[in-house]
Amino acid sequence: MSNQAKGIIYTLITVLMWGVLAIALKVASKEIDSPTIVWFRFSLAFSALFVWMAVRNPQELKILYKPTWLIVISSLALAWNYLGFMLGIQFTSPSNAQIVIQTGPVLLAVFGIIFFREKISRIQTVGFLLSILGFWIFYGQHISTTTGQEGQFTKGVLLTLTGAVAWAVYAALQKKLVLQYSVGTLNVFIFGLPVLLYLPFVDFANLSHLRFGYWALLVFLGANTLISYGCLSLALKYLEAGKVSIIIVLNPIITVVLMGILTWMQVSWIDGEHFSVLSIAGALLALAGAILVVRKTKKPVEQ
């Protein structure tokens, strides 16, 4: 199998993991509060990575007590990205949060222009404008269907946007940090600090009363982090970062399609979503704009 084929396969696994993630988070939020979900995701990912590194590269674990301030800020940014996205899903819907969170890669490109003095092409400029227009159409169409819940919907959108900003900060810092540290070394600290930060907010009493199905869902959410980030790192090893970025940006399509199917099936375990022609057009326009923005990216958008 060629390296390009391997890269595409690993990228598609990441896309699939992130495509179903928002739906799984929405289902989990019915029984478990957001900070507890986020804490469990980080805890499982950190624990597995810590054990792996303790066996394979124990010397790299010194990062846990000797981090640089850039690593600390990166970890804090990712910690809020997880919670902002989780709250966005809780107050709106999986599809909405997935579309809005794609402003992260767009903002990363903006940071690249401002802080890394990267040149912006005409295609990227068009991409920025298309993304703004697409997000505006998508937001306008969705809020028109939230009669009596406009405030909650807007709150969810704003929280998701803060998560996108946090992710862009995290990813921008990764551009510098990956030149000095391995991905595993960075992630063991970046996953570990949020475990301590969110610990005071965990509802352990609720966890002790969860049914088996929700425990299985929590384990999946934690494993999702490890699998998606692991496959992303392998994808970037075998495939150009620009191609990986373009494919990754398409992950909301999986969420939208799955939510459309679940809505049509009228399942009881998740609320259905209403999609109009304009909302779908807005989503596609926003994603197309994001693709035009990230297609010129020369460094990995996520590590």
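Each reported figure results from applying straightforward, stated rules to the coordinates on display, with no laboratory input. Treat the numbers as computed from the prediction; the structure is a model and nothing was measured. Every residue, glycine as well, gets a Cβ built from its backbone with ideal geometry; the counts of neighbours run over all protein chains shown.
Cα convex hull of segment 179-230: mean projected area in nm², to one decimal?
Convex hull of Cα atoms, orientation-averaged projection: 4.5 nm².
For A288 and I132 in the same chain, what is the full-extension length gain: residue separation times 0.36 nm, less their Cα-Cα distance, in nm?
Contour length minus Cα-Cα distance gives 55.1 nm.
Segment 143-207 and segment 66-121 have Cα centres spaced 8 Å apart.
Within the chain, the whole DSSP H helices whose Cα atoms reach 27 Å or more along their own axis and whose mean Kyte-Doolittle score is at least -0.5 are 3-28, 34-56, 69-91, 122-143, 150-177, 212-238. Each peptide in 52-59, 129-136 receives the mean, over its residues, of other Cβ atoms within 10 Å, and ordering these scores from highest gives 129-136, 52-59. Extension gain, I123 to L207, is 25.4 nm, computed as 0.36 nm per intervening residue step minus the present C-alpha separation.
Over 29 Å between Cα atoms: which of K62/K155; K176/K237; K155/K237; K6/K155; K26/K237 fall into that group? In this structure, K62/K155; K155/K237; K6/K155; K26/K237 exceed 29 Å between Cα atoms. Within the shell of other residues whose beta carbon sits under 14 angstrom from the beta carbon of M265, the net charge comes to -2, with Lys and Arg scored +1 and Asp and Glu -1.
When the chain is treated as a GNM with alpha-carbon contacts under 10 Å, the residue of I13, I114, I253 showing the greatest mean-square fluctuation is I114. How big is the dipole moment of the chain about its Cα centre under a simple scheme where the beta carbon of each Lys and Arg is +1, that of each Asp and Glu is -1, and everything else is neutral? Debye, nearest 20, please. So the dipole magnitude of the chain works out to roughly 1080 debye.
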